[in-house]
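Just below is one structure, and these are the notes that go with it.
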Amino acid sequence: MNFPVYRPRRMRATENLRRMVRETRLSVDQLVLPLFVIHGKGIKKEIPSMPGNYHFSPDTLTEEAQEAYSLGIPAVILFGLPAQKDKNGSEAYSEDGIVQQAIRQIKSASPDLIVITDVCLCEYTSHGHCGLLTESGRVDNDATLEVLARSALSHCQAGADMVAPSDMMDGRIHTIRSVLDKNGYSHIPIMSYAAKYASSFYGPFRDAADSTPQFGDRRGYQMDPPNAREAVRECRMDIQEGADIIMVKPALPYLDIIWQAKTSLGYPVAAYNVSGEFSMIKAAAEKGWIDEKRAMMEALTSISRAGADIIITYFAKDAARHLNRL
Ligand code: PBG
């Protein structure tokens, strides 16, 4: 029988000893690969601000997802770019929306790969905010909840294994949980972007997802970076509303938050190693200022050491190759 054999690099005895007593063991089991999907066929277009990441059409996306799974990565998280944006973000919940199409294709090719979906409106609204707006241009929290729940439900109907609301509206976990339960999806877990900071590190993603707000910013609904206790409170609220996994985002500038969320709540914690964290390492490595592989492994290990069970990272494939010693 042919099965993979673990072949360590040649190591000295001291290195082998270090290997035995290491306190943190980063594993491919923890990794989630984010993927961007656009309408079309045969498209694989590199995102300039995120080297090695692409806009895929559903067919090429399915191949990429298969490759990730063959490297041992258990899950992907999908972000969609709609054909048309409008003020209500209607493609977010359309049965034939881009994410819904992508889920169906990936699941039919790789039924065992976990497909997580990002639930948010910012990629779908013409104004680029994460929610609907009132006449006066404010984000309308309560009206948004219904649309988010509709999107989450449409993802489940297309075959998603888990939904991840990233909008930061108040009460969304409760609304999504009850709509999923009522429609026969009580088994689908919710990974909540619970402590999501208003961060500068989302810059490259906003280029990739074309989701920069057309006016104002997200400080009305995302968290203020100096606040830590508030983050734990946000996580606790989301757990009470029915979240199964809580997420801290970004990861590296917020390792203390990951640690506090893990130690004070004891729930599964995910950390999002966001686009800016990724692109900084890439850019420095391109200039020859930093050793990319070592920096990547050190960063991911620190996120795990801080207490993250799950790490969402654009490095997932490279890290998996490294961890598999390929
Ligand atoms: C919102 C969303 C964002 C990211 C994931 N989901 C952007 C934002 O809040 O502006 C950022 C991820 C990254 O930077 O890698 N749908």
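The values are calculated or read from the model by the stated rules, or taken from the named source; none is laboratory data. Everything quoted here is computed from the prediction, not taken from an experiment. Areas reflect the complete protein model, heavy atoms only, side chains present, ligands, DNA and RNA absent. Shrake-Rupley method; radii C 1.70, N 1.55, O 1.52, S 1.80 Å.
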Tell me the angle of helix 229-241 to the major Cα principal axis of the chain, expressed in degrees between 0 and 90 and rounded to the nearest ten. 70 degrees
Relative contact order of the chain, defined on C-alpha pairs under 8 angstrom at six or more residues apart (%): 18 percent
What are the extents of the Cα atoms of region 135-254 along their three principal axes, in Å, largest first? 38, 33, 28
Give the carbon-plus-sulfur fraction of the accessible surface of the chain in %, rounded to a whole number; probe 1.4 Å, heavy atoms of protein chains only. 50 percent
Everything considered on the Cα gyration tensor (a ≥ b ≥ c; rounded for a/c under 1.5, else prolate if a/b is larger than b/c, else oblate), region 199-326 must be described as oblate
Given 20 °C and 1.002 mPa s, how large is the Stokes-Einstein diffusion coefficient of the chain in µm²/s, with Rh as the Kirkwood radius over Cα pairs? 106 µm²/s
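Hand me the tally of lysine pairs in the chain: alpha carbons under 15 angstrom apart, and the pair either on different chains or 8 or more positions apart.
Counting lysine pairs in the chain gives 5.
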Quick one, what does Rg over Rh come out to for region 20-138 if you take C-alpha atoms and the Kirkwood Rh? 1.06
Given a 10 angstrom Cα cut-off, can you work out which residue in Ile245, Ile43, Ile176 is the most mobile in a GNM of the chain? Ile43
Solvent-accessible area per residue, Å², over the chain with all protein chains present [probe radius 1.4 Å]: 47 Å²
Quick query: amide H of Asp140 versus all other amide H atoms, modeled in the peptide plane; which residues come in under 5 Å with a sequence gap of 5 or more or a different chain? Leu132, Leu133, Thr134
Calculated on alpha-carbon atoms, Rg and Dmax of region 39-83 in Å: 10.9, 32
0 to 90° range, to nearest 10: angle between helix 98-109 axis and the chain longest Cα axis: 40 degrees
Report, as a whole number in µm² per second, the diffusion coefficient that Stokes-Einstein gives for region 279-319 at 37 °C and 0.692 mPa s using the Kirkwood radius over alpha carbon pairs. 306 µm²/s
